[in-house]
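Engineer: I have a structure I would like to understand better, so I am pasting it below and will then ask my questions one at a time.
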Amino acid sequence: MQVPEMEAFMHFLSLSNRGMVIRGKAREQINALMGEMLTMNGLQRLSALFTIFDTLAHTTEYELLASPVFVQNKSFKSSEHFRKINEYIMRNFQEDITLPEIAGVANMAVTTFCNFFKEHYRVTFVEYLNTVRIGHACKLLSEKDWNVVEVAYECGFNNLANFNKQFKKLKHMTPSEYRKTLTV
């Protein structure tokens, strides 16, 4: 994987840790090739796999599902504060989480926590929590047949208008529009 010919594919792989939806012609080509692979012998299959890698390495027809902040902050393990905060958020994002509550988890005063969070996560706590919730909403919209209201409440939003506003702010489309793009 360290050869120069793999550089573009390695870049694609590094982006893919955010989750990805492949669209358009690239999706069609990859689906067709994967179907053909069922009847290929070993070496032909390996060649087809490299063709898929090449298609992925050079396509621009994809959508990243998670924000860079979400992925970056998932990997913070250097601090007990990060670990406690992230574990608590991931376990409880579907519920109301107040600033005093999350500050208590980090053993900080609310003001200290807000400053710490903004400095290390580069977003406010509420922005981060909304990113986590919207990421989960995207997962539910792609995997379940629930209506948008059910998805909103399952992700911790108690107000449909706020859910739609936050979803559109992060994904630049409504939840319904997002669901339609998954079938294209």
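Engineer: State all residues of segment 141-184 that are surrounded by 14 or more Cβ atoms within 10 Å (Cβ to Cβ) and hydroxyl-bearing (Ser, Thr, Tyr); if no residue qualifies, say none.
Structural biologist: If the condition is that a residue be surrounded by 14 or more Cβ atoms within 10 Å (Cβ to Cβ) and hydroxyl-bearing (Ser, Thr, Tyr), then 142, 153, 174, 178, 181 are the ones that fit.
Engineer: Quick check: is even one residue across segment 141-164 closer than 18 Å to residue 65 by Cβ, in contact with an Asp or Glu (Cβ under 7 Å, 6 or more places away or on another chain), assigned to a helix (DSSP H, G or I) and in the same structural domain as residue 98 (by TED's automatic domain parsing)?
Structural biologist: No - not one qualifying residue is present in segment 141-164.
Engineer: Looking at segment 91-114 only, could you name the residues that are surrounded by fewer than 12 Cβ atoms within 10 Å (Cβ to Cβ) and either in a helix (DSSP H, G or I) or at pLDDT 90 or above (or both)? I'd like the intermediate steps shown before the answer.
Structural biologist: The initial filter retains those residues of segment 91-114 that are surrounded by fewer than 12 Cβ atoms within 10 Å (Cβ to Cβ), namely 91, 95-96, 98, 100, 107, 111.
Selection gives 91, 95, 96, 98, 100, 111.
Engineer: If a residue has to be of a type in the set (D, E, K, R) and surrounded by 17 or more Cβ atoms within 10 Å (Cβ to Cβ) to count, how many in segment 115-140 make the cut? Explain how you work it out, then say what you get.
Structural biologist: In the first step, residues of segment 115-140 are kept if they are of a type in the set (D, E, K, R); the result is 118-119, 122, 127, 133, 139.
Filter once more, so that each one left must be surrounded by 17 or more Cβ atoms within 10 Å (Cβ to Cβ): 127, 133.
Of the residues in that region, 2 qualify.
Engineer: Still on this model: I'm trying to understand the selection: among the residues of segment 11-43, which are among the hydrophobic types (A, V, I, L, M, F, W, C) and over 28 Å from residue 137 (Cα atoms)? Break it down stepwise before answering.
Structural biologist: Within segment 11-43, the subset among the hydrophobic types (A, V, I, L, M, F, W, C) is 12-13, 15, 20-22, 26, 30, 32-34, 37-38, 40, 43.
32, 33, 34, 37, 38, 40, 43 - these are the residues of segment 11-43 that are among the hydrophobic types (A, V, I, L, M, F, W, C) and over 28 Å from residue 137 (Cα atoms).
Engineer: Looking at segment 1-48 only, could you name the residues that are over 15 Å from residue 61 (Cβ atoms), assigned to a helix (DSSP H, G or I) and polar (S, T, N, Q)?
Structural biologist: 14, 44, 47 - these are the residues of segment 1-48 that are over 15 Å from residue 61 (Cβ atoms), assigned to a helix (DSSP H, G or I) and polar (S, T, N, Q).
Engineer: Here is a list of conditions, (1) in contact with a helix residue (DSSP H, G or I) (Cβ under 6 Å, 6 or more places away or on another chain); (2) over 30 Å from residue 89 (Cα atoms), and residue 65 meets all of them except one; can you say which number that is?
Structural biologist: So residue 65 meets the others, but not (2).
Engineer: Taking segment 125-157 on its own, how many of its residues are of a type in the set (D, E, K, R) and out of contact with any Leu (no Cβ under 9 Å at 6 or more places or on another chain)? If you could, list the steps in order and put the result at the bottom.
Structural biologist: At the first step, the residues of segment 125-157 found to be of a type in the set (D, E, K, R) are 127, 133, 139, 143-145, 150, 154.
Checking the rest, the ones that are also out of contact with any Leu (no Cβ under 9 Å at 6 or more places or on another chain) come to 127, 133, 143-145.
Matching residues across segment 125-157 total 5.
Engineer: A follow-up question, please. Of all the residues that make up segment 15-43, how many are touching an Asp or Glu at 6+ places or on another chain (Cβ under 9 Å) and exposed (fewer than 14 other Cβ atoms within 10 Å of the Cβ)?
Structural biologist: Of the residues in that region, 2 qualify.
Engineer: Take the residues of segment 152-184 that are under 29 Å from residue 28 (Cα atoms) and of a type in the set (A, V, I, L, M): which is modelled with the highest pLDDT? Steps first, please.
Structural biologist: Going through segment 152-184, the residues under 29 Å from residue 28 (Cα atoms) turn out to be 167-168, 170-184.
So of that shortlist, the ones also of a type in the set (A, V, I, L, M) come out as 170, 173, 182, 184.
On the way: 170: 89, 173: 92, 182: 79, 184: 59.
Here the residue is 173.
The values are calculated or read from the model by the stated rules, or taken from the named source; none is laboratory data. Treat the numbers as computed from the prediction; the structure is a model and nothing was measured. Counting neighbours? That spans all protein chains shown, and the Cβs are built from the backbone with ideal geometry, glycine included.
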